[in-house]
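> Can you keep this structure in mind? I'll have questions shortly.
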Amino acid sequence: MKMHVLSGGRLRMKKSIYFPDADRREMIELPVSCMLMRHAQGNVLFDTGCHPTIAENPEGRWGGLAKYMAPIMPPGENVLTGLKAVGLGPDDIDVVVCSHLHTDHCGCNEFFRKSTIVVHARELEAAKAPDALNSGYFSADWDHPIPMKVIEQQTDLFGDGKITLIPLPGHTPGTLGALVKLDRSGEFLLASDALSVRANLDQEIVPKNTKNIDQFLQSFAEIRRIEKAGGTIICSHDSAQWDSLRKGMEAYD
């Protein structure tokens with residue numbers, strides 16, 4: 001099995017969201033990461049990043065949210081072009097795992113019509129709630145006539161221990177991580193927004209955009225346990241880590 005790191009876009013947000021002591025005027029640049037796993041039983045995409053249109057017209061899709069989460073990637077930087085660069089298109093993806101249903105993680109779901117979308121039950125419930133829009137959920141991202149598999153617990157995707165989906169709630173009610181075991185490169189935890197920025201774990205900082213602090217800290221403990229056991233933790237939006245990762249055709253195996 002191989003794992004490819006793909007860009008799902010780039011954003012600029014207030015640094016104080018992740019570091020409460022930061023000057024409220026200070027901004028931080030956040031890569032949006034997506035992961036492709038080429039498994040013998042099918043191609044799996046972990047998150048689909050931002051919708052292509054937000055590179056040029058973010059307000060048209062996000063409305064007022066675009067003031068607080070500003071896209072800074074050029075047109076064409078999205079998971080679709082990333083897949084094309086490794087020789088695949090949306091129809092080649094068998095499974096899309098949604099770590100959660102915030103717009104920068106499932107914005108391109110609509111293009112994967114031949115896939116099965118995997119999402120946690122509590123996340124789907126949150127996305128359907130009356131106040132979902134105020135919590136960063138847009139139905140245009142996830143509400144499509146595409147087959148959906150709803151899970152409620154830790155799930156071995158193919159039954160061979162290669163890709164195991166692990167609930168890591170706190171950022172949202174149903175945030176999922178993926179524990180990926182590669183023959184040569186070892187074990188990776190795709191932590192999604194259970195760990196957006198590495199320094200939050202190192203300094204025990206809970207970001208402001210956390211839904212449930214107690215659950216979030218429990219997820220931190222699970223992330224630490226996996227790292228102590230030898231796993232490499234991949235954050236969802238850490239700029240320094242992003243620069244150090246192999247990307248595109250330069251896969252982990």
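> Taking 0.36 nm per residue of separation and subtracting the Cα-Cα distance, what length does fully extending PHE158 through GLU29 add? Before the final figure, lay out each step's value.
Details: separation 129, 0.36 × 129 = 46.44 nm, distance 3.51 nm.
Contour length minus Cα-Cα distance gives 42.9 nm.
> Starting at the first residue of the range 13-18, write each ³J(HN,Hα) from the Karplus equation 6.51 cos²θ - 1.76 cosθ + 1.60 with θ = phi - 60°, in whole Hz, x for Gly and Pro.
With the stated coefficients, the range 13-18 comes to 9, 5, 5, 5, 5, 9 Hz.
> What chymotrypsin sites (Phe, Trp or Tyr not before Pro) in the range 13-93 are in a loop by DSSP, with at most 15 other Cβ atoms within 10 Å of the Cβ?
Hits after loop and neighbour filter: TYR68.
> Could you state the accessible area per residue of the chain in Å², with a 1.4 Å probe and every protein chain left in place?
Ligands and nucleic acids excluded, the result is 44 Å² per residue.
> Given a 1.4 angstrom probe, I'd like the percentage of the accessible area of the range 67-142 that is carbon and sulfur, rounded to a whole number.
That fraction is 53 percent.
> Going from most exposed to least, what order do ASP47, ASP21 have by accessible area with a 1.4 Å probe?
Ranked list, largest accessible area first: ASP21, ASP47.
> Put a dot 7 Å past each Cα toward the Cβ at ILE213 and ALA66; how far apart are the dots in nm?
The two pseudo-label positions are separated by 3.4 nm.
> Among the DSSP beta bridges whose two residues both lie in the chain, what percent are antiparallel, rounded to the nearest 5?
Counting DSSP beta bridges with both partners in the chain, the antiparallel share is about 70 percent.
> Sort the following peptides by mean Cβ neighbour count (other Cβ atoms within 10 Å, averaged over residues), highest first: 98-105, 235-242. The partial results should precede the final answer.
On the way: 98-105: 27.0, 235-242: 20.4.
Averaged packing, sorted descending, gives the order 98-105, 235-242.
> Hey, can you grab everything whose amide H is under 5 Å from the amide H of ASN43? Only 5+ residues off in sequence or another chain; H modelled, so Pro and N-termini drop out.
The answer is ASP94, VAL95.
> At what distance in nm do the modelled label points of THR53 and LYS181 sit from each other, each positioned 7 Å from its Cα along Cα→Cβ?
With each label point 7 Å from Cα toward Cβ, the separation is 4.3 nm.
> Karplus couplings for the range 128-136 from phi (6.51 cos²θ - 1.76 cosθ + 1.60, θ = phi - 60°), rounded to Hz, Gly and Pro as x?
Karplus values, whole Hz, x for Gly and Pro: 9, 5, x, 9, 4, 4, 5, 9, x.
> For the pair GLN41/ARG246, report the inter-label distance in nm, with labels modelled 7 Å from Cα in the Cβ direction.
So the two model labels end up 2.4 nm from each other.
> With +1 on the Cβ of every Lys and Arg and -1 on the Cβ of every Asp and Glu, and nothing else charged, how large is the dipole of the chain about its Cα centre, in debye rounded to the nearest 20?
Around 180 debye, computed over the chain.
> Another question, if that's okay. Which one, PHE112, ALA70, CYS98, is farthest towards the positive end of the dipole of the range 1-131 when Lys and Arg carry +1 and Asp and Glu -1 on their Cβ?
ALA70
> Based on alpha-carbon atoms only, what is the radius of gyration of the chain relative to the globular estimate 2.2 N^0.38 Å?
The value comes to 0.92.
> Is there a quick way to get the dipole size of the range 5-114? I mean about its Cα centre, with the Cβ of Lys and Arg at +1 and of Asp and Glu at -1; what is the value in debye to the nearest 20?
Taking the Cα centre of the range 5-114 as origin, the dipole is about 140 debye.
> Could you state how much accessible area GLU152 has, in square angstrom rounded to the nearest 10, with a 1.4 Å probe and all protein chains kept in place?
About 140 Å², rounded to the nearest 10.
The values are calculated or read from the model by the stated rules, or taken from the named source; none is laboratory data. All of these numbers come straight from a predicted model, not from anything done at the bench. Glycine gets a Cβ as well: all are built from the backbone with ideal geometry, and neighbour counts include every protein chain shown. These area figures cover heavy atoms from the full protein model, side chains too; ligands, DNA and RNA do not enter into them. Shrake-Rupley method; radii C 1.70, N 1.55, O 1.52, S 1.80 Å.
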